[in-house]
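Everything on this sheet refers to the single structure shown next.
Coordinate-derived values only; no laboratory data. Model, not experiment: these values are computed from the prediction. All Cβ positions, glycine included, derive from the backbone under ideal geometry; neighbour counts span all protein chains shown.
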Amino acid sequence: MISKIIEFLQKREWKFTQDSNIIRFPVSHFNATYNCVIDIREERLLMIFLSFGGTFCPPEKQQAVINLFNRMNTSLGYGNFELATEEGQGLIKFRTSNFFTNTELDDSIIDKVIDINTGIIDFSMPYILKVIFGGMDVDEAFKELAPQPNLITENVTHEEDKEQEEPHDA
């Protein structure tokens, strides 16, 4: 699996780093550029994809963001938001995982994994930032973000023919 992902990134001339089974690269979307990590666990046929929000949540806002993430995660059909609070820093990330037991990993699948993951975090980040920096209440942010169940994932679209630039556009 790792060779397929490296081949995918090289074909697109995306800059990336690799350390064993971990691949890191940036992806630009509409609202921000996200640092992304692919963690391949070949023995389990598992690909974990993480995108990092690029903003730290201060300690005094972490409980509000955790509450928002808990509400958002119940509306997501795929993936979950996390707030890593080690050393007091609130690192925002979005995680998706895929098993590839009966599927050959190809460029279209890799592209979809990247685009859906980064699309969900990109769609959601403005509301997360309103809670952190704009003083918005969690209930209000969630109502704006997902006025109907599953709106978060329904608003993410896959764009097949986007031109890739540095950092990479999803």
When the chain is treated as a Gaussian network with springs between alpha carbons less than 10 Å apart, the largest mean-square fluctuation among Arg24, Arg12, Arg95 is found at Arg12
Using 31 Å as the Cα-Cα cut-off, could you pick out the over-long pairs in Lys4/Lys61; Lys4/Lys93; Lys93/Lys143; Lys112/Lys143; Lys15/Lys93?
Lys4/Lys61
Hey, can you rank 97-105, 63-71 by average C-beta count inside 10 Å, highest first?
63-71, 97-105
Hey, fewest Cβ within 10 Å first, where do Thr55, Thr17 land in order?
Thr17, Thr55
Radius 15 Å from Cβ of Lys4, net charge of other residues (Lys, Arg +1; Asp, Glu -1):
-3
Sites Thr55 and Asn80 - FRET efficiency at Förster radius 25 Å, r taken between beta-carbons, to 0.05
0.90
For the chain, the longest principal axis of the Cα atoms and the Cα long axis of helix 107-133 enclose an angle in degrees, to the nearest 10, of 20 degrees
Glu43 to Arg95: extension gain in nm, 0.36 nm per residue of separation minus the Cα-Cα distance?
16.7 nm
Report the label-to-label distance for Glu144 and Ile6 in nanometres (one decimal), using points 7 Å from each Cα along the Cα→Cβ vector.
4.4 nm
Subtracting the Cα-Cα distance of Asn67 and Asn102 from 0.36 nm times their residue separation yields 8.9 nm
Percent of alpha-carbon pairs separated by more than 18 Å within the chain
61 percent
Put a dot 7 Å past each Cα toward the Cβ at Thr33 and Glu87; how far apart are the dots in nm?
2.2 nm
Going by how many other Cβ atoms sit within 10 Å of their own, how do Glu140, Glu87, Glu60 line up, fewest first?
Glu87, Glu60, Glu140
Extension gain Gln18-Asp137, at 0.36 nm per residue separation less the Cα-Cα distance, in nm?
38.9 nm
Which of Leu46, Leu9 has the fewest other C-beta atoms within 10 Å, and how do the rest follow up to the most?
Leu46, Leu9
